[in-house]
Amino acid sequence: MADDEPHIRRVLTTLLESADFEVEAVADGRRALDRLETEDRFDIVVTDLMMPVMDGLALLSATRDLASRRDLPILMLTAKGQDADCEEAYARGASDFMTKPFSPKKLLARVRDLLD
Ligand SMILES: [Mg+2]
């Protein structure tokens, strides 16, 4: 999971761990990509759109360029009013979107849907 807001990282980590997911939380797309470039197993990426260093769109494109991560579900978290970015992200292969602030229940349901 990648988000530059520590509060969101804490909330998401707590939420996903409570549902028995193992979570790695990083603060920007570059660090997320570093992890995705390894052989390690990841089942899903949940990423913020607006982040320093490397934003969610750049992370998305770079991840889809990795042969082993082409089909990895990627859930984007966006702030309200970023509809143009949402379209761009779908074009680049995003699996789904949620607008912040999100309901924890709905986010978990969305993550589970993407893993089905
Ligand atoms: Mg952000």
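The values are calculated or read from the model by the stated rules, or taken from the named source; none is laboratory data. Quantities reported herein were computed from a predicted structural model and do not represent experimental measurements. Neighbour counts are summed over all protein chains in view; Cβ atoms, including those assigned to glycine, are modelled from backbone coordinates with ideal geometry.
Spot the failing condition for A84; the list is (1) part of a loop (DSSP other than H, G, I, E, B); (2) more than 20 Å from R10 (Cβ to Cβ); (3) not hydroxyl-bearing (S, T, Y), and only one is missed.
Going through the list (1) part of a loop (DSSP other than H, G, I, E, B); (2) more than 20 Å from R10 (Cβ to Cβ); (3) not hydroxyl-bearing (S, T, Y), A84 breaks only (1).
Within region 95-108, can one find any residue that is in a loop (DSSP other than H, G, I, E, B), farther than 14 Å from L12 by Cβ and out of contact with any Gly (no Cβ under 7 Å at 6 or more places or on another chain)?
We begin by selecting, within region 95-108, every residue in a loop (DSSP other than H, G, I, E, B); these are 95, 100-103.
Narrowing further to those that are farther than 14 Å from L12 by Cβ: 95.
In the following step, the residues that additionally are out of contact with any Gly (no Cβ under 7 Å at 6 or more places or on another chain) were identified as 95.
Yes, there is a match, as at least one residue in region 95-108 is in a loop (DSSP other than H, G, I, E, B), farther than 14 Å from L12 by Cβ and out of contact with any Gly (no Cβ under 7 Å at 6 or more places or on another chain).
Any residue in region 83-112 that is surrounded by 14 or more Cβ atoms within 10 Å (Cβ to Cβ) sitting within a Cβ distance under 7 Å of a residue that is at pLDDT below 90? List the pairs, counting only those 6 or more apart or interchain.
What qualifies is D85/T78; C86/T78; F97/T78; F97/C86; T99/T78; T99/K80; K100/T78; K100/A79.
Yes or no: T14 at negative phi, more than 16 Å from the ligand (Cβ to nearest atom) and either under 11 Å from the mean Cα position of the chain (by Cα) or modelled with pLDDT of 95 or more (or both)?
Yes; evaluated as a whole, the condition is true for this residue.
Would you check if A58 is at pLDDT 95 or above and under 22 Å from D34 (Cα atoms)?
Details: at pLDDT 95 or above: yes; under 22 Å from D34 (Cα atoms): yes.
Answer is yes for this residue.
I'm checking my understanding of the structure. Among residues of region 17-47 that are within 13 Å of the ligand (Cβ to nearest atom) and part of a helix (DSSP H, G or I), which one is nearest to D116 (Cα to Cα)?
Among those that are within 13 Å of the ligand (Cβ to nearest atom) and part of a helix (DSSP H, G or I), it is A32.
I'm trying to understand the selection: among the residues of region 63-78, which are surrounded by fewer than 16 Cβ atoms within 10 Å (Cβ to Cβ) and part of a loop (DSSP other than H, G, I, E, B)? Even if it seems obvious, please write down each step before you answer.
So the first thing to find is which residues in region 63-78 are surrounded by fewer than 16 Cβ atoms within 10 Å (Cβ to Cβ), and the list is 65-68, 70-71.
The answer is D65, L66, R70, D71.
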